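Below is one structure, written out as structure tokens; the observations come after it.
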Amino acid sequence: MFGDFASGVVTFGTVAAAIAAFSNGADRIEGSDLPPPLSATDFIQFDQSKAEVGRLLFYDKLLSGNKNISCGTCHHHDLGGSDGLSLGIGEGGAGLGPERSASDGQTRIHERIPRNAPALWNLGAAEVRVMFHDGRLQISDAYGNGFDSPVDENLPAGLETILAAQSLFPMTARSEMSGDPGENDIADAVAQAPHLAWPIIAARVSEVPEYQRLFAAAFDHVETPKDITIVDIGNALAAFIGSEWRNHDSPFDRYIAGDTSAMGLQAVRGMDLFYGEAGCATCHSGPLLSDQEHHALSLPEFGPGKTDDGRDPGRYAETGDTADLNAFRTPMLRNVALTAPYGHNGAYSTLEGIVRHHADPARALTAWAIDQAALRPAPWLDDRAAVGARITDLAASASIQPLPLSDHEIGQLVAFLESLTGGTAATRPMGRPETVPSGLDVD
């Protein structure tokens, strides 16, 4: 969030003057680094009949190997499109959000999901070009299917957006939705190659009469159940996610559109820090408040990680470039106050905690304790936190410089972040369905 940002500093007077100029007839705020307001033209216009199919699929556990978890379990309407946990409890768990159980006995989970469930807000924006914390899915012509993804040329053609492509991968993740080999045919296929599971999932969906009717109505090419493919499923899920979690009516959005009364003084001063001395906008830039690049913040390390010894090298695992070691994608920030915990692994449960970490990563890393994360009890799991030399390595990898901030300034930045909460964020246009076509229960 913070950067070594010395040029182009925006003072409070500069921001106020810019707003005054706007109020006097300027088309947008000039003389500042504030982004232009978002509008409908910044978003992909999704087909609503496809979105309705996607809404049902999103909450249907039919897409999971053991039919016991849905996309909505970890990205729930009641939890701001997330799950409220640092590291989620996926396949094998029971319940929802901060109360979700890791189960016990033979059904207990084998590991927590290694990374925090990212929020869904505004992923339907046209400029989104990279997804996942480590950026392993990007828009690209490398394989002739529109994307550079974990399955390379085996990602099927026809996926209309990067959001559609992204929606397919949680279904093939063992700890998220597929389950373990030997438990179901989807997990068995994933064990051979992830893309082999997708036709099995599509076949499951195509066997449900209500889905047959809905897909035929929403997709022109679907005339028989066999015409329903994983591509159609991905495009339907993207239509729902991209339209349902579009939101940009926060006090900040009203402020940059010219409503000078939309934000309180503390939030405005926090905005001044964010776009000025604190340098947050070095990375959290542009209309989406993200440069969509990867940066190392020296966040504490705990949980299963991505390697045998519990480490998570971040973007480095995809590129092999040491400059990407421990680097993760810059998150977008609208509705950030609704999507705790924070960081690629949810190391901090509060906005104040993650802001303080940005201000002095090395100091915060040394002082961090695992009770600052939000984890459900699972005593049989090794939630080891990094110690000793690994903490030194993490601290050395930081791509941001410490910046002395007073407690008052920390509070102002938090006030600004809270001003990014949409006025209608809690009221989504479609909402969670009460039932789904498979007849399975809905979380």
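The values are calculated or read from the model by the stated rules, or taken from the named source; none is laboratory data. Just so you know, these numbers come straight off a predicted model, no measurement behind them. Cβ placement follows ideal geometry from the backbone for every residue including glycine, while neighbour counts extend to all protein chains displayed.
Residue pairs whose Cβ atoms lie under 8 Å apart, separated by 6 or more positions or on different chains, with the first residue in the stretch 103-116 and surrounded by 15 or more Cβ atoms within 10 Å (Cβ to Cβ) and the second assigned to a loop (DSSP other than H, G, I, E, B) and hydroxyl-bearing (Ser, Thr, Tyr), are Ile109/Ser103; Asn116/Ser86. When Ser103 is tested against (1) assigned to a loop (DSSP other than H, G, I, E, B); (2) out of contact with any strand residue (DSSP E or B) (no Cβ under 7 Å at 6 or more places or on another chain), exactly one condition is not met: (2). The residue that is surrounded by the most Cβ atoms within 10 Å (Cβ to Cβ), counting only those in the stretch 300-322 that are modelled with pLDDT of 95 or more, of a type outside the set (Val, Ile, Thr) and out of contact with any Lys or Arg (no Cβ under 9 Å at 6 or more places or on another chain), is Tyr316. Annotation note: of Ala415, Ala373, Ala425, Ala347, the sole residue that is touching a His at 6+ places or on another chain (Cβ under 8 Å), closer than 22 Å to Ala119 by Cα and in contact (Cβ under 8 Å) with a residue 24 or more places away in the chain is Ala347. Of everything listed in (1) surrounded by fewer than 20 Cβ atoms within 10 Å (Cβ to Cβ); (2) farther than 23 Å from Ser250 by Cα; (3) not assigned by TED's automatic domain parsing to the domain that holds Asp309, the single unmet condition for Thr424 is (2). Residues in the stretch 150-192 that are in contact (Cβ under 8 Å) with a residue 12 or more places away in the chain and at positive phi: Gly158, Gly179. Among the residues making up the stretch 123-157, those that are outside any loop (DSSP other than H, G, I, E, B) and closer than 29 Å to Asn247 by Cβ are Ala125, Val130, Met131, Leu137, Gln138, Ile139, Phe147, Asp148.
Going by the conditions given, is Pro331 in contact with a Pro (Cβ under 8 Å, 6 or more places away or on another chain) and closer than 20 Å to Leu420 by Cβ?
Numbers: in contact with a Pro (Cβ under 8 Å, 6 or more places away or on another chain): yes; closer than 20 Å to Leu420 by Cβ: yes.
Criteria met by Pro331.
Scanning the stretch 71-96 for residues that are farther than 26 Å from Ala385 by Cα, in contact with a Lys or Arg (Cβ under 8 Å, 6 or more places away or on another chain) and either surrounded by fewer than 24 Cβ atoms within 10 Å (Cβ to Cβ) or at pLDDT below 95 (or both) gives His76, His77, Asp78.
Residue by residue through the stretch 198-211, note down the ones that are assigned to a helix (DSSP H, G or I) and either within 16 Å of Val222 (Cα to Cα) or in contact (Cβ under 8 Å) with a residue 60 or more places away in the chain (or both). Correct list: Pro199, Ile201, Ala202, Ala203, Arg204, Val205, Ser206, Pro209, Glu210, Tyr211.
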